[in-house]
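The values are calculated or read from the model by the stated rules, or taken from the named source; none is laboratory data. Remember, predicted model here, so these are calculated numbers, not experimental data. Cβ atoms come from the backbone with ideal geometry, glycine included; neighbour counts cover every protein chain shown.
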Amino acid sequence: MYCQRRSSCDGNGTYHRRVATLSGQRVLVMGLGAFGGGVGCVSWLLGQDALVTVTDLRIGADLERSLDAIDQRSCRLVLGQHDVNDFTGADLIVVNPAVPHPWSNPLLMAASKAGVPLTTEIALLTAQLDRSRCIGITGSAGKSTTASMTHHLLTAGGHHSVLGGNIGGSLLGNLDEIGPESWVVLELSSAQLYWLSQGDGWSPALAGITNITPNHLDWHQDESHYRDCKMAIGQFQSAGDTLLHPSDCPPLAPDIMLRVPGEHNRANAAMAIALASTAAPISPESLNSFTGLPHRLSAVGAHVPPRFIDDSKSTTPEASVLAVQSFDDVSRVHLIAGGYDKGISLDAIATLAPKLAHLYTIGATGEHLAASAGPNSTFCETLESAIAAASGRMCDGDVLLLSPGCASWDQFKDYRTRGEAFRRLVLDGAD
């Protein structure tokens with residue numbers, strides 16, 4: 001049986017680690033992904049002259065962006081279904097890490113029984129890398145920011161660094177840019193680490209775990225398995241390698257003035273400095289120019305401390321509350337919230353209103369949210385109107401925070417479009 005689930009994250013299936021040659025090999029890519037997760041892998045496999053079949057349960061209309069990014073003439077597409085014969089007849093299967101419960105997936109079990117090796121994009125990548133030049137970061141929260149900060153520190157220090165893994169696209173297409181002096185910073189999800197722990201196993205020489213709290217239990221089935229997979233980031237390290245936890249990282253020096261708010265980001269920064277300084281000489285104060293990940297408590301403009309914050313990726317009330325609580329003085333926060341109506345309660349945002357400098361509501365939920373929030377709120381309907389209203393109220397030292405707590409689909413294509421609109425409007429009107 002393929003990959004029975006064990007608490008130690010090991011397995012007993014057949015796994016493909018290092019590529020000798022893929023030329024002429026029948027490679028099945030299971031899951032192209034609607035957001036391009038498999039695009040880089042497919043393109044790289046075609047570049048290796050593999051005979052590629054892409055299979056995805058979604059139909060072509062749902063995969064339009066990803067399909068447009070690959071050479072469809074050079075690969076075979078099986079969309080809207082999976083055919084077991086494609087799995088048992090392949091020479092290699094590349095599994096999308098989003099596929100849940102791979103240890104009991106009937107198609108993967110059939111492939112394993114037929115002796116077909118299984119791998120993932122991240123395993124194909126790490127098999128090509130010098131492990132001693134790899135920095136891996138995982139955690140239930142903060143791993144994206146910590147990985148980005150680590151990359152920022154190395155780059156600012158004059159070291160060639162590339163960032164990938166669970167953040168951004170595949171690095172398989174960038175292998176030619178990765179030299180012997182390059183550092184590869186990888187954000188690693190629990191699912192990716194599950195796959196990297198199979199077979200001979202792989203861990204980066206430098207690793208950090210930001211925190212572990214219950215998450216993705218629909219993929220792992222239970223908290224113990226999730227935790228074990230997170231801990232696997234250091235399971236295959238060698239003597240002299242480094243695995244850091246938050247308690248191992250000295251607090252930030254007073255001259256580190258982050259432009260991303262919150263104590264959690266100071267903890268992320270402390271780990272990034274510890275990891276980057278272990279790898280190479282850096283200047284910790286270069287983090288002062290780090291503006292954050294796009295649309296995640298990201299500073300807009302050149303103000304220090306930040307005056308405008310884009311947290312458009314906040315699409316739940318709980319996320320908005322956490323964003324507001326990132327600031328030392330909530331009474332200086334002007335909050336823009338509201339958007340598409342998913343039918344969930346926005347009471348958590350409404351109860352914040354009396355503590356804020358002011359609440360400005362937008363979108364389909366805006367009118368009801370303002371009514372429930374009371375007199376310290378204004379229904380503005382549009383993002384442009386909300387920014388204009390806030391600009392007339394803000395005093396020195398105040399912050400305008402876009403943290404909608406709702407999806408964007410009533411007025412914008414996605415949260416990215418909403419965040420870019422906020423950034424554009426703020427910069428156009430900034431003093």
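What to note about this one:
- Odd one out for Ala302 among (1) touching a helix residue (DSSP H, G or I) at 6+ places or on another chain (Cβ under 8 Å); (2) outside any helix (DSSP H, G or I): (1)
- Flag for Lys342 being under 25 Å from Pro305 (Cβ atoms), touching a residue at least 24 places away in the same chain (Cβ under 8 Å) and surrounded by fewer than 16 Cβ atoms within 10 Å (Cβ to Cβ): no
- Pairs where the first residue, in the stretch 69-92, is in the same structural domain as Ala114 (by TED's automatic domain parsing) and in a helix (DSSP H, G or I) and the second is surrounded by 13 or more Cβ atoms within 10 Å (Cβ to Cβ) and of a type in the set (Ser, Thr, Tyr), C-beta under 8 Å, 6+ apart: Asp86/Thr53; Asp86/Thr55
- Unmet requirement for Ser132, which otherwise passes all of (1) part of a helix (DSSP H, G or I); (2) among the polar types (S, T, N, Q); (3) in contact with a Phe, Trp or Tyr (Cβ under 9 Å, 6 or more places away or on another chain); (4) closer than 17 Å to Gly208 by Cβ: (3)
- Members of the stretch 200-220 found to be surrounded by fewer than 23 Cβ atoms within 10 Å (Cβ to Cβ) and of a type in the set (Ser, Thr, Tyr), listed by number: Thr213
- Residue count, the stretch 174-189 (criterion: hydroxyl-bearing (Ser, Thr, Tyr) and within 19 Å of Gly38 (Cβ to Cβ)): 1
- Checked against (1) buried (at least 20 other Cβ atoms within 10 Å of the Cβ); (2) of a type in the set (S, T, N, Q); (3) more than 27 Å from the chain's Cα centre (by Cα), Thr119 passes all but a single condition, namely (3).
- Filter result for the condition that a residue is buried (at least 23 other Cβ atoms within 10 Å of the Cβ), modelled with pLDDT of 90 or more and either among the hydroxyl-bearing types (Ser, Thr, Tyr) or assigned by TED's automatic domain parsing to the domain that holds Leu196 (or both), over Met231, Met271: Met271
- Some residue of the stretch 93-101 being in contact with a strand residue (DSSP E or B) (Cβ under 6 Å, 6 or more places away or on another chain), at pLDDT 95 or above and closer than 16 Å to Ala191 by Cα: yes
- Pairs with Cβ under 8 Å, 6+ apart, first in the stretch 243-260 and over 23 Å from Leu293 (Cβ atoms) and hydrophobic (A, V, I, L, M, F, W, C), second assigned to a strand (DSSP E or B) and at pLDDT 90 or above: Leu243/Ala207; Leu243/Gly208; Leu243/Ile209
- Within the stretch 154-172, the set of residues being more than 17 Å from Val99 (Cβ to Cβ) and within 19 Å of the chain's Cα centre (by Cα) comprises Ser161, Val162, Leu163, Gly164, Gly165, Ile167, Gly168, Gly169, Leu171, Leu172.
- Condition check for Gly397: surrounded by fewer than 17 Cβ atoms within 10 Å (Cβ to Cβ), out of contact with any Cys (no Cβ under 8 Å at 6 or more places or on another chain) and either of a type outside the set (Ser, Thr, Tyr) or not assigned by TED's automatic domain parsing to the domain that holds Leu322 (or both): yes
- Hits in the stretch 176-193 - residues which are assigned to a loop (DSSP other than H, G, I, E, B), surrounded by 17 or more Cβ atoms within 10 Å (Cβ to Cβ) and not hydroxyl-bearing (Ser, Thr, Tyr): Ile178, Leu188
- For Ser132, the conditions (1) assigned by TED's automatic domain parsing to the domain that holds Ala279; (2) over 20 Å from Leu196 (Cβ atoms); (3) of a type in the set (S, T, N, Q) all hold with the exception of (2).
- Per-region count, the stretch 379-422, residues touching a residue at least 60 places away in the same chain (Cβ under 8 Å), under 15 Å from Tyr340 (Cα atoms) and more than 24 Å from the chain's Cα centre (by Cα): 2
- Where a residue in the stretch 207-222 is without any contact (Cβ under 8 Å) to a residue 60 or more places away in the chain and its partner, wherever it lies, is polar (S, T, N, Q), with Cβ under 6 Å and at least six apart: His216/Ser190
- Output for the stretch 28-68, where each listed residue is among the aliphatic types (A, V, I, L, M) and part of a helix (DSSP H, G or I): Val39, Val42, Leu45, Leu46, Ala61, Leu63, Leu67
- Criterion (surrounded by 17 or more Cβ atoms within 10 Å (Cβ to Cβ), of a type in the set (A, V, I, L, M) and within 28 Å of Leu51 (Cβ to Cβ)) met by exactly one of Leu154, Leu108: Leu108
- Some residue of the stretch 197-211 being over 14 Å from Thr126 (Cα atoms) and assigned to a loop (DSSP other than H, G, I, E, B): yes
- Within the stretch 123-146, restricting attention to residues that are within 13 Å of Ser203 (Cβ to Cβ) and of a type in the set (S, T, N, Q), the residue that is surrounded by the most Cβ atoms within 10 Å (Cβ to Cβ) is Thr138.
- Of all residues in the stretch 25-73, those satisfying the criterion of being at pLDDT 95 or above, over 15 Å from Leu172 (Cβ atoms) and surrounded by fewer than 24 Cβ atoms within 10 Å (Cβ to Cβ) are Gln25, Arg26, Leu51, Thr53, Thr55.
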